[in-house]
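The values are calculated or read from the model by the stated rules, or taken from the named source; none is laboratory data. A quick note: this is a predicted structure, and the numbers were derived from the prediction, not measured. With ideal geometry, Cβ positions are generated from the backbone for all residues, glycine too; neighbour counts draw on all protein chains shown. To get the accessible areas, we keep the full protein, side chains included, count just its heavy atoms, and leave off ligands, DNA and RNA. Shrake-Rupley method; radii C 1.70, N 1.55, O 1.52, S 1.80 Å.
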Amino acid sequence: MEENKVNHTVEHLFRSEYGKVVSILTHKYGTAHLEQIEDVAQEAFIKAMQVWAYKSIPDNPTGWLYMVANNSLLDHLRRDQKIAFQETENLNILSEGEKIVDLVLDDTITDSQLQMIFACCHPSLSKEYQIVLSLKLIGGFSNKELADALLKKEEAVAKSFTRAKKKFRDDVKMLKIPVEMGLQSRLFQVLQVIYLMFSEGYAVTSGSQMIKKDICYEALRLALLLRENKYCRHPNLEALIALMCFHASRFDARIDEKGELVTLEHHDRTKYDQNLIRIGIGHLENAGTKDRMPSNYHLEAARSFYHSTANDFASTDWGNVLYLYDVQLKMHYSPILALNRLVAYKKVKGAVKTMEELLVLEQKTDFKDTELYYAVKAEILSQLQQPEAQKEVLKKAISLCGNMVVKKHYEKKLALIK
């Protein structure tokens with residue numbers, strides 16, 4: 001089989017199945033063996049690349065990966081003498097020729113992943129530890145991806161993960177689904193983890209891909225999985241699902257046939273997935289807050305609704321989009337959110353007033369290492385017809401950009417400036 005095809009398949013499976021394999025093994029053997037479970041899960045994916053390159057991909061690749069990881073873990077445990085021989089005689093040791101189609105049942109996967117997600121959000125762990133553990137163990141994030149998502153250095157993320165695993169092993173012995181109050185008390189943190197997973201997949205901050213659909217669809221699947229539990233049904237969950245549906249509906253319009261970035265203004269809206277938009281609308285309608293203040297998920301989902309349902313860029317209801325930004329900034333101020341708001345502000349108020357707003361923001365926050373700041377400023381300068389200044393800020397955006405697709409987009413814009 002063609003090596004590139006195998007590597008692509010394994011990469012896809014890593015995004016969708018790594019968390020399942022880790023969750024099931026942790027559920028079976030306990031958190032004391034977490035590091036070995038990570039190792040054998042990764043080794044299984046490496047072996048898949050090696051074996052499937054000259055053999056066909058098995059009918060049940062998840063089962064194959066679990067089988068290899070399970071058997072490898074048992075070998076490790078025996079060598080470490082952590083399981084006596086007589087205790088392992090009855091454990092399920094699988095052979096490569098064994099039928100494994102029914103090995104990993106959907107219900108088992110569902111239960112194990114739910115247990116793993118909520119275990120990672122154990123109240124004895126700090127919020128940072130909860131997020132790092134979840135994204136590493138459930139999402140299969142690399143240290144680089146985590147560093148980008150959390151705006152931290154890779155070294156800091158690696159140290160945090162090591163400390164988080166120790167705390168996790170000490171405080172969480174076995175994976176158990178909490179009772180009603182436990183589920184509800186951890187739900188908001190679980191939603192934040194899922195949101196971060198989706199966000200990193202939707203706007204990849206480094207590497208050669210603009211979108212990692214596998215991460216996005218896994219985040220959406222996990223959110224829908226939570227919804228099956230009556231104690232997890234909450235307006236914030238409905239709003240998060242709506243948000244992800246609206247964003248995912250635009251996937252095919254964001255990249256052209258050459259693999260290059262297409263900005264929202266130039267989207268071919270016939271490529272929008274109308275079914276996902278309808279599903280998103282249904283969840284947004286279910287997300288009514290009544291006597292509650294809307295969450296960030298509600299406000300972002302509402303903005304995405306306007307972008308996804310407008311006939312074209314010009315007919316977007318920019319007034320309402322700007323209003324939603326203003327509400328969110330009053331509730332939860334963020335410099336990055338304030339920068340994104342300027343896109344809508346420029347459509348409503350014009351470039352001159354938007355530059356004034358940007359200058360006010362510059363007094364509050366040091367944006368010197370923020371790629372988005374230079375990209376937004378370049379757009380304003382373009383409207384103000386200041387090509388030399390625009391060139392300088394675009395060059396700065398290029399120097400800070402870690403995503404090759406976005407960088408190429410900036411370089412093309414720079415080349416067109418007269």
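For the residue pairs K167/K408; K127/K213; K346/K368, the alpha carbons lie more than 32 Å apart in K167/K408.
For K290, which lysines qualify as cross-link partners when the Cα separation must be under 21 Å and same-chain residues fewer than eight apart are set aside? Qualifying lysines at Cα under 21 Å: K230, K330.
Ligands, DNA and RNA aside, R278 has an accessible area near 150 Å² when probed at 1.4 Å. Which stretch or stretches of segment 377-417 have amide N atoms under 14 Å from the point lying 7 Å from E260's Cα along the Cα→Cβ direction? Under 14 Å, as judged by backbone N against the label point of E260, lie 405-417 of segment 377-417. Peptides 58-68, 297-307, ordered by how many other C-beta atoms sit within 10 Å of their residues on average, highest first, read 297-307, 58-68.
Modelled spin labels at K127 and D39, positioned 7 Å past Cα toward Cβ, are 3.5 nm from each other. Note on K368: accessible area approximately 110 square angstrom, rounded to 10, probe 1.4 Å, nucleic acids and ligands left out.
The order of I380, I417, I336 by accessible area, most exposed first and with a 1.4 Å probe, is I336, I417, I380. Sparse packing (at most 12 other Cβ atoms within 10 Å of the Cβ) combined with a DSSP loop state is found for the following chymotrypsin sites (Phe, Trp or Tyr not before Pro) in segment 333-410: Y333. Ellipsoid semi-axes for segment 195-279, based on the Cα gyration tensor and the rule √(5λ), read 26, 15, 9 Å when sorted largest first.
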